[in-house]
Amino acid sequence: MNSNYYAILMAGGVGSRFWPVSTSDFPKQFHDMLGSGDTLIQKTFSRLSKLIPAENIYILTNERYNDLVLEQLPMVKQDQVLLEPAMRNTAPCILYASLKIQKSNPNALMVVAPSDHWIEDEDAFANNLQHCFDFCQKEDALMTLGIQPTFPNTGFGYIEFDNSDANNIKKVNQFREKPDYETAKSFLAAGNFLWNGGIFIWSAKSILAAFEAFQPQMTALFQTGFEAYNTSKEREFISENYGLAENISIDYAILENAKNVYVLPATFDWNDLGTWGQLHEKLDKDENNNGIINAKVILENASNNIIRTHVNILPNRYTAYRSCHTN
(Lines give C-alpha, C1' and ligand atoms only; values in the text may rest on other atoms or scores of the structure.)
Protein backbone atom coordinates (compact mmCIF):
# COMPACT_ATOMS: atom_id res chain seq x y z
CA MET A 1 0.00 0.00 0.00
CA ASN A 2 1.08 3.55 -0.68
CA SER A 3 2.02 5.32 2.54
CA ASN A 4 1.16 8.68 0.93
CA TYR A 5 -2.53 7.73 0.69
CA TYR A 6 -4.87 9.01 3.40
CA ALA A 7 -8.61 9.07 4.00
CA ILE A 8 -10.85 11.47 5.87
CA LEU A 9 -13.95 9.53 6.86
CA MET A 10 -16.82 11.84 7.84
CA ALA A 11 -19.02 10.27 10.51
CA GLY A 12 -20.61 13.10 12.44
CA GLY A 13 -24.13 13.21 11.00
CA VAL A 14 -27.23 12.29 12.98
CA GLY A 15 -29.23 10.62 10.17
CA SER A 16 -32.50 12.17 11.32
CA ARG A 17 -34.47 10.93 8.30
CA PHE A 18 -33.98 7.34 9.50
CA TRP A 19 -35.81 7.88 12.76
CA PRO A 20 -36.69 5.88 14.84
CA VAL A 21 -33.76 3.55 14.07
CA SER A 22 -31.29 6.40 13.71
CA THR A 23 -31.17 8.77 16.67
CA SER A 24 -28.87 11.56 17.78
CA ASP A 25 -27.32 9.16 20.30
CA PHE A 26 -26.94 6.29 17.80
CA PRO A 27 -27.03 7.57 14.20
CA LYS A 28 -27.36 5.51 11.04
CA GLN A 29 -23.65 5.17 10.22
CA PHE A 30 -23.33 2.93 13.29
CA HIS A 31 -26.22 0.65 12.20
CA ASP A 32 -26.29 -2.35 9.88
CA MET A 33 -28.98 -0.79 7.73
CA LEU A 34 -29.02 -3.44 4.99
CA GLY A 35 -28.50 -6.61 7.02
CA SER A 36 -25.01 -7.16 5.57
CA GLY A 37 -23.45 -8.10 8.90
CA ASP A 38 -21.48 -4.84 9.09
CA THR A 39 -22.50 -1.33 10.00
CA LEU A 40 -22.20 1.40 7.38
CA ILE A 41 -19.06 2.86 8.93
CA GLN A 42 -17.49 -0.60 9.12
CA LYS A 43 -18.24 -1.21 5.43
CA THR A 44 -16.81 2.17 4.46
CA PHE A 45 -13.63 1.68 6.51
CA SER A 46 -13.14 -1.79 5.02
CA ARG A 47 -13.64 -0.44 1.48
CA LEU A 48 -11.09 2.34 1.96
CA SER A 49 -8.55 0.10 3.66
CA LYS A 50 -8.20 -1.97 0.48
CA LEU A 51 -6.20 0.91 -0.97
CA ILE A 52 -5.24 3.06 2.03
CA PRO A 53 -3.20 1.92 5.06
CA ALA A 54 -5.56 1.53 8.02
CA GLU A 55 -3.40 3.78 10.17
CA ASN A 56 -3.84 6.57 7.57
CA ILE A 57 -7.64 6.61 7.84
CA TYR A 58 -8.93 9.43 10.04
CA ILE A 59 -12.50 9.49 11.31
CA LEU A 60 -14.09 12.90 11.80
CA THR A 61 -17.00 12.73 14.18
CA ASN A 62 -18.80 14.50 16.98
CA GLU A 63 -17.37 14.13 20.46
CA ARG A 64 -20.42 12.15 21.57
CA TYR A 65 -19.65 9.34 19.07
CA ASN A 66 -16.05 8.70 20.09
CA ASP A 67 -16.83 5.49 21.99
CA LEU A 68 -19.04 4.18 19.18
CA VAL A 69 -16.24 4.67 16.64
CA LEU A 70 -13.67 2.89 18.80
CA GLU A 71 -16.09 0.06 19.58
CA GLN A 72 -17.02 -0.58 15.94
CA LEU A 73 -13.52 0.01 14.53
CA PRO A 74 -11.22 -1.65 17.08
CA MET A 75 -8.24 -1.38 14.72
CA VAL A 76 -8.39 2.41 14.97
CA LYS A 77 -6.31 4.28 17.53
CA GLN A 78 -7.66 7.22 19.49
CA ASP A 79 -5.43 9.70 17.66
CA GLN A 80 -7.12 8.71 14.38
CA VAL A 81 -10.49 9.87 15.71
CA LEU A 82 -10.79 13.63 15.22
CA LEU A 83 -13.49 14.95 17.51
CA GLU A 84 -15.56 17.98 16.57
CA PRO A 85 -16.60 19.95 19.66
CA ALA A 86 -19.21 21.86 17.62
CA MET A 87 -21.23 21.24 14.45
CA ARG A 88 -19.57 23.34 11.72
CA ASN A 89 -20.34 21.54 8.41
CA THR A 90 -17.69 20.01 6.17
CA ALA A 91 -15.23 22.81 5.36
CA PRO A 92 -13.79 23.33 8.87
CA CYS A 93 -13.41 19.63 9.60
CA ILE A 94 -11.70 18.98 6.24
CA LEU A 95 -9.31 21.89 6.80
CA TYR A 96 -8.47 20.64 10.30
CA ALA A 97 -7.81 17.10 9.10
CA SER A 98 -5.84 18.28 6.08
CA LEU A 99 -3.48 20.39 8.18
CA LYS A 100 -2.98 17.49 10.59
CA ILE A 101 -2.22 15.11 7.72
CA GLN A 102 0.08 17.59 5.96
CA LYS A 103 2.13 17.98 9.12
CA SER A 104 2.64 14.20 9.18
CA ASN A 105 3.24 13.86 5.45
CA PRO A 106 3.62 16.87 3.11
CA ASN A 107 3.27 14.51 0.12
CA ALA A 108 -0.11 13.17 1.24
CA LEU A 109 -2.92 12.43 -1.18
CA MET A 110 -6.32 12.08 0.43
CA VAL A 111 -9.88 11.03 -0.20
CA VAL A 112 -12.75 12.59 1.75
CA ALA A 113 -15.73 10.26 2.00
CA PRO A 114 -19.01 10.03 3.92
CA SER A 115 -19.27 7.07 6.28
CA ASP A 116 -22.91 6.20 5.53
CA HIS A 117 -23.06 5.56 1.77
CA TRP A 118 -23.57 2.19 0.14
CA ILE A 119 -21.25 1.04 -2.66
CA GLU A 120 -21.67 -2.47 -4.02
CA ASP A 121 -18.83 -2.88 -6.56
CA GLU A 122 -15.90 -2.22 -4.28
CA ASP A 123 -13.31 -3.24 -6.89
CA ALA A 124 -14.67 -0.59 -9.27
CA PHE A 125 -14.58 1.94 -6.44
CA ALA A 126 -10.93 1.11 -5.72
CA ASN A 127 -10.06 1.43 -9.42
CA ASN A 128 -11.81 4.80 -9.67
CA LEU A 129 -10.09 6.03 -6.52
CA GLN A 130 -6.67 4.91 -7.79
CA HIS A 131 -7.30 6.77 -11.06
CA CYS A 132 -8.03 9.93 -9.08
CA PHE A 133 -4.97 9.53 -6.87
CA ASP A 134 -2.78 9.13 -9.96
CA PHE A 135 -4.23 12.31 -11.47
CA CYS A 136 -3.83 14.35 -8.29
CA GLN A 137 -0.26 13.12 -7.90
CA LYS A 138 0.63 14.83 -11.19
CA GLU A 139 -1.77 17.78 -11.31
CA ASP A 140 -2.83 20.63 -9.05
CA ALA A 141 -6.40 19.37 -8.99
CA LEU A 142 -9.41 19.19 -6.73
CA MET A 143 -11.33 16.10 -7.76
CA THR A 144 -14.69 14.55 -7.10
CA LEU A 145 -16.27 11.25 -8.07
CA GLY A 146 -19.52 12.05 -9.88
CA ILE A 147 -22.34 9.52 -9.78
CA GLN A 148 -24.06 8.59 -13.03
CA PRO A 149 -27.71 9.69 -12.65
CA THR A 150 -30.31 7.00 -13.24
CA PHE A 151 -33.41 9.20 -12.95
CA PRO A 152 -34.21 12.92 -12.51
CA ASN A 153 -33.57 13.04 -8.78
CA THR A 154 -34.47 16.33 -7.08
CA GLY A 155 -32.77 15.42 -3.80
CA PHE A 156 -29.15 15.63 -5.00
CA GLY A 157 -26.92 18.43 -6.16
CA TYR A 158 -25.47 18.01 -9.66
CA ILE A 159 -22.04 18.48 -11.24
CA GLU A 160 -21.97 19.94 -14.74
CA PHE A 161 -18.84 19.00 -16.68
CA ASP A 162 -17.36 20.13 -19.98
CA ASN A 163 -19.15 18.07 -22.61
CA SER A 164 -16.41 18.69 -25.17
CA ASP A 165 -13.78 17.05 -22.96
CA ALA A 166 -12.95 13.62 -24.40
CA ASN A 167 -10.81 12.58 -21.42
CA ASN A 168 -12.03 10.17 -18.77
CA ILE A 169 -11.49 12.87 -16.17
CA LYS A 170 -13.62 15.92 -17.00
CA LYS A 171 -13.18 19.59 -16.20
CA VAL A 172 -16.03 20.79 -14.00
CA ASN A 173 -17.98 23.76 -15.34
CA GLN A 174 -20.07 24.33 -12.23
CA PHE A 175 -21.92 22.76 -9.33
CA ARG A 176 -25.69 23.01 -9.49
CA GLU A 177 -28.10 23.15 -6.57
CA LYS A 178 -30.81 20.54 -6.02
CA PRO A 179 -33.14 21.13 -9.00
CA ASP A 180 -36.88 20.94 -9.46
CA TYR A 181 -38.19 17.97 -11.43
CA GLU A 182 -38.26 19.65 -14.86
CA THR A 183 -34.73 20.98 -14.41
CA ALA A 184 -33.53 17.54 -13.30
CA LYS A 185 -35.02 16.03 -16.47
CA SER A 186 -33.17 18.60 -18.57
CA PHE A 187 -29.91 17.69 -16.79
CA LEU A 188 -30.32 14.03 -17.72
CA ALA A 189 -31.22 14.90 -21.29
CA ALA A 190 -28.09 17.06 -21.63
CA GLY A 191 -25.85 14.12 -20.76
CA ASN A 192 -23.10 16.11 -19.01
CA PHE A 193 -24.51 16.17 -15.50
CA LEU A 194 -23.61 13.86 -12.60
CA TRP A 195 -24.92 13.53 -9.07
CA ASN A 196 -22.68 15.09 -6.45
CA GLY A 197 -21.95 12.17 -4.14
CA GLY A 198 -19.70 14.11 -1.76
CA ILE A 199 -16.55 12.04 -2.40
CA PHE A 200 -13.48 14.22 -2.96
CA ILE A 201 -9.83 13.54 -3.81
CA TRP A 202 -6.84 15.89 -3.76
CA SER A 203 -3.33 16.38 -2.45
CA ALA A 204 -2.78 18.08 0.88
CA LYS A 205 -0.86 20.77 -0.98
CA SER A 206 -3.70 21.52 -3.42
CA ILE A 207 -6.56 21.64 -0.91
CA LEU A 208 -4.61 23.80 1.55
CA ALA A 209 -3.66 26.22 -1.23
CA ALA A 210 -7.36 26.46 -2.10
CA PHE A 211 -8.27 27.18 1.53
CA GLU A 212 -5.64 29.92 1.69
CA ALA A 213 -7.05 31.47 -1.49
CA PHE A 214 -10.76 31.27 -0.74
CA GLN A 215 -11.01 30.95 3.05
CA PRO A 216 -8.11 33.00 4.45
CA GLN A 217 -9.79 33.74 7.78
CA MET A 218 -10.63 30.11 8.48
CA THR A 219 -7.16 29.03 7.34
CA ALA A 220 -5.51 31.55 9.66
CA LEU A 221 -7.61 30.28 12.57
CA PHE A 222 -6.58 26.66 12.12
CA GLN A 223 -2.97 27.52 11.21
CA THR A 224 -2.47 29.04 14.65
CA GLY A 225 -2.67 25.53 16.04
CA PHE A 226 -0.26 23.95 13.58
CA GLU A 227 2.43 23.35 16.20
CA ALA A 228 -0.14 21.60 18.39
CA TYR A 229 -1.30 19.11 15.75
CA ASN A 230 -0.23 15.52 16.39
CA THR A 231 0.81 16.43 19.94
CA SER A 232 -0.85 16.27 23.35
CA LYS A 233 -1.89 19.92 22.93
CA GLU A 234 -4.08 19.31 19.87
CA ARG A 235 -7.32 18.49 21.72
CA GLU A 236 -7.08 21.63 23.83
CA PHE A 237 -6.52 23.85 20.79
CA ILE A 238 -9.42 22.32 18.87
CA SER A 239 -11.73 22.52 21.88
CA GLU A 240 -11.02 26.23 22.28
CA ASN A 241 -10.99 27.27 18.62
CA TYR A 242 -13.09 24.91 16.49
CA GLY A 243 -16.37 26.60 17.37
CA LEU A 244 -15.01 29.93 16.07
CA ALA A 245 -14.94 28.61 12.48
CA GLU A 246 -17.65 29.54 9.99
CA ASN A 247 -20.41 26.97 9.50
CA ILE A 248 -19.96 26.27 5.77
CA SER A 249 -19.74 23.28 3.44
CA ILE A 250 -16.69 22.40 1.36
CA ASP A 251 -18.80 22.97 -1.78
CA TYR A 252 -19.59 26.60 -0.92
CA ALA A 253 -16.25 27.34 0.72
CA ILE A 254 -13.93 25.95 -1.95
CA LEU A 255 -15.30 23.95 -4.86
CA GLU A 256 -17.70 26.55 -6.25
CA ASN A 257 -14.86 29.10 -6.30
CA ALA A 258 -11.89 27.10 -7.54
CA LYS A 259 -11.01 26.77 -11.24
CA ASN A 260 -9.02 23.55 -10.94
CA VAL A 261 -11.94 21.22 -10.18
CA TYR A 262 -12.28 17.92 -12.07
CA VAL A 263 -14.69 15.01 -11.97
CA LEU A 264 -14.38 11.33 -12.79
CA PRO A 265 -17.73 9.72 -13.68
CA ALA A 266 -17.95 6.76 -11.32
CA THR A 267 -18.30 3.21 -12.61
CA PHE A 268 -19.68 1.73 -9.38
CA ASP A 269 -23.23 1.48 -8.05
CA TRP A 270 -23.90 4.04 -5.35
CA ASN A 271 -26.66 4.96 -2.94
CA ASP A 272 -26.41 7.59 -0.22
CA LEU A 273 -29.08 5.82 1.86
CA GLY A 274 -30.54 9.17 2.80
CA THR A 275 -34.13 8.05 3.36
CA TRP A 276 -36.18 4.94 4.08
CA GLY A 277 -37.29 5.05 0.44
CA GLN A 278 -33.71 4.87 -0.79
CA LEU A 279 -33.04 1.99 1.58
CA HIS A 280 -36.06 0.18 0.17
CA GLU A 281 -34.60 0.52 -3.34
CA LYS A 282 -31.46 -1.39 -2.33
CA LEU A 283 -33.16 -4.29 -0.56
CA ASP A 284 -33.96 -7.64 -2.09
CA LYS A 285 -37.74 -7.75 -2.24
CA ASP A 286 -40.44 -10.38 -2.49
CA GLU A 287 -43.16 -10.54 -5.15
CA ASN A 288 -45.14 -7.84 -3.32
CA ASN A 289 -42.22 -5.41 -3.11
CA ASN A 290 -41.57 -6.01 0.57
CA GLY A 291 -37.97 -5.56 1.69
CA ILE A 292 -36.96 -7.74 4.63
CA ILE A 293 -33.87 -7.20 6.84
CA ASN A 294 -32.70 -9.75 9.43
CA ALA A 295 -36.09 -11.41 9.72
CA LYS A 296 -38.23 -14.36 8.66
CA VAL A 297 -41.80 -13.27 8.19
CA ILE A 298 -45.22 -14.47 7.19
CA LEU A 299 -46.97 -11.72 5.24
CA GLU A 300 -50.65 -11.39 4.48
CA ASN A 301 -52.07 -8.60 2.32
CA ALA A 302 -48.78 -6.73 2.73
CA SER A 303 -46.93 -4.82 0.05
CA ASN A 304 -44.30 -2.09 -0.32
CA ASN A 305 -43.04 -2.47 3.25
CA ILE A 306 -39.68 -2.60 5.00
CA ILE A 307 -39.62 -5.22 7.73
CA ARG A 308 -36.52 -5.01 9.89
CA THR A 309 -35.26 -6.48 13.15
CA HIS A 310 -32.04 -5.61 14.94
CA VAL A 311 -30.76 -9.21 15.04
CA ASN A 312 -31.31 -12.35 13.03
CA ILE A 313 -34.36 -14.27 14.13
CA LEU A 314 -33.75 -17.90 15.09
CA PRO A 315 -34.44 -20.43 12.27
CA ASN A 316 -37.80 -21.56 13.61
CA ARG A 317 -39.01 -18.18 14.82
CA TYR A 318 -41.18 -16.05 12.59
CA THR A 319 -42.67 -12.61 12.79
CA ALA A 320 -46.16 -12.36 11.32
CA TYR A 321 -47.39 -9.28 9.47
CA ARG A 322 -50.87 -8.94 8.04
CA SER A 323 -52.90 -6.23 6.38
CA CYS A 324 -49.83 -4.02 6.03
CA HIS A 325 -49.64 -1.75 3.01
CA THR A 326 -47.81 1.45 2.21
CA ASN A 327 -47.88 3.50 -0.92
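So how do Arg235, Arg88 rank on accessible area, 1.4 Å probe, biggest first, that is with the largest at the start?
Ranked from most to least accessible, the order is Arg235, Arg88.
Name the residues whose placed amide hydrogens come within less than 5 Å of the amide hydrogen of Glu84, ignoring near sequence neighbours (fewer than 5 apart) on the same chain.
For Glu84, whose amide H was placed from the backbone, the distant partners under 5 Å are Thr61, Asn62, Glu63.
For His131, His117, give me the order by solvent-accessible area with a 1.4 Å probe, most accessible first, ignoring ligands, DNA and RNA.
Putting His131, His117 in descending order of accessible area: His131, His117.
What is the ratio of the Cα radius of gyration of segment 1-139 to 2.2 N^0.38 Å, where N is its residue count, to two decimals?
1.03
Going down the table (Lys43/Lys77; Lys205/Lys233; Lys77/Lys205; Lys170/Lys205; Lys178/Lys233; Lys43/Lys259), which pairs top 29 Å between alpha carbons?
Listed pairs above 29 Å: Lys178/Lys233; Lys43/Lys259.
Excluding ligands, DNA and RNA, what is the solvent-accessible area per residue of segment 101-220 at a probe of 1.4 Å, expressed in Å²?
44 Å²
Enumerate the calculated ³J(HN,Hα) couplings along segment 53-66 in order (Karplus 6.51 cos²θ - 1.76 cosθ + 1.60, θ = phi - 60°), each rounded to whole Hz, writing x wherever the residue is Gly or Pro.
Each residue's phi maps through the Karplus curve to give x, 4, 6, 9, 9, 9, 10, 9, 8, 6, 3, 5, 9, 4 Hz.
Leu73's amide H: which non-local residues (gap 5+, or another chain) put their own amide H closer than 5 Å, with H modeled 1.01 Å from N in plane and none for Pro or chain starts?
none
Leaving out ligands, DNA and RNA, what percent of the accessible area of segment 113-240 is carbon and sulfur, probe 1.4 Å?
C and S atoms contribute 45 percent here.
Show the residues, 5+ positions off or on another chain, whose built amide H is closer than 5 Å to the amide H of Asp121.
Amide H neighbours of Asp121, under 5 Å, 5+ apart: Asp269.
Could you state the number of Å between the C-alpha centres of segment 204-276 and segment 68-143?
Taking the Cα centre of each part, segment 68-143 and segment 204-276 sit 11 Å apart.
Suppose accessible area is computed on protein heavy atoms with a 1.4 Å probe; arrange Thr90, Thr267, Thr231 from highest to lowest.
So, going from the largest accessible area down, we get Thr267, Thr231, Thr90.
The values are calculated or read from the model by the stated rules, or taken from the named source; none is laboratory data. What you are looking at is a predicted structure, and each value in this text was computed from that prediction instead of being measured. Heads up: the accessible areas ignore ligands, DNA and RNA and are worked out on the full protein's heavy atoms, side chains in. Shrake-Rupley method; radii C 1.70, N 1.55, O 1.52, S 1.80 Å.
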